[in-house]
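The values are calculated or read from the model by the stated rules, or taken from the named source; none is laboratory data. Quick caveat: nothing in here was measured; it's all calculated off a predicted structure. Quick reminder, even Gly has a Cβ in these numbers, built from the backbone with ideal geometry, and neighbours come from all protein chains shown.
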């Protein structure tokens, strides 16, 4: 994806290592994810069904987001804003299409796990993630996308590396996870674009404020996983 960003120094501006460490920690400390990693089929089923409402709705939230150009014109000038905005807007559309593809992988993986019906209850933490994805506050919106991307990458890295987990699937692979580990070789990654736009639409060049929104999203995924476990696997939590 050949996309020019508004900032060339995002990896220096943001403490990306800190954000990724927090996402990895959140994934690895989750009781639900840990059970899935150890090959617990009930936990894997709960993970797939419990987070499905968010996976499904995330594509819709991206599709419905409006990206005004005037704020970018005022900040970066008309010519540069127009040039970058066109490429970035196309990249956001591509994100929406890819999330549809990712949702299809999620459903196919569920079928390979032997789940006949993936729809289930939407627990409070997952509902909160969905609501956050629909915010009209654009720095918060793109920080939410960035936090989601950090979690998706670290969850994939953790679970794809577990043979006990991947062996639960009929094709012995978790394709949703593999897709999220694929390298972006043609330009900025989704994460690069998310962080750049959170910064571009921000009122001030404040890395800390954006990072805190990313961290809040990451923490919410941890709470959502606890809610999924508590609702869908209450007997295991009690034990």
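Of note:
- Among (1) within 22 Å of the chain's Cα centre (by Cα); (2) touching a residue at least 40 places away in the same chain (Cβ under 8 Å); (3) in a helix (DSSP H, G or I), the one test that residue 3 misses: (3)
Let's see how each residue does on (1) outside any helix (DSSP H, G or I); (2) modelled with pLDDT of 90 or more; (3) more than 13 Å from the chain's Cα centre (by Cα); (4) more than 20 Å from residue 49 (Cβ to Cβ):
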site	(1), (2), (3), (4)
143	no, yes, no, yes
146	no, yes, no, yes
150	no, yes, no, yes
165	no, yes, yes, no
186	yes, no, yes, yes
194	no, yes, no, yes
198	no, yes, yes, yes
203	yes, no, yes, yes
226	no, yes, yes, no
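- Of all residues in the range 39-51, those that are touching a residue at least 40 places away in the same chain (Cβ under 8 Å) and at positive phi have Cβ atoms under 9 Å from Cβ atoms of residues that are in a helix (DSSP H, G or I) and surrounded by fewer than 24 Cβ atoms within 10 Å (Cβ to Cβ), 6 or more apart or on another chain, in 39/163; 39/164.
- Close contacts from the range 118-130, counting a first residue that is on the phi < 0 side of the Ramachandran plot and a second that is surrounded by 16 or more Cβ atoms within 10 Å (Cβ to Cβ) and not in a helix (DSSP H, G or I), with Cβ to Cβ under 8 Å and a gap of 6+ residues or different chains, come to 126/51; 130/122.
- Residues being within 12 Å of residue 49 (Cα to Cα) and surrounded by 16 or more Cβ atoms within 10 Å (Cβ to Cβ) - total across the range 111-134: 7
- Counted residues, the range 153-162 - those being surrounded by fewer than 23 Cβ atoms within 10 Å (Cβ to Cβ) and more than 15 Å from residue 109 (Cα to Cα): 5
- The lone exception for residue 169 - which of (1) surrounded by 18 or more Cβ atoms within 10 Å (Cβ to Cβ); (2) under 26 Å from residue 146 (Cβ atoms); (3) touching a helix residue (DSSP H, G or I) at 6+ places or on another chain (Cβ under 6 Å); (4) at pLDDT 90 or above it fails: (2)
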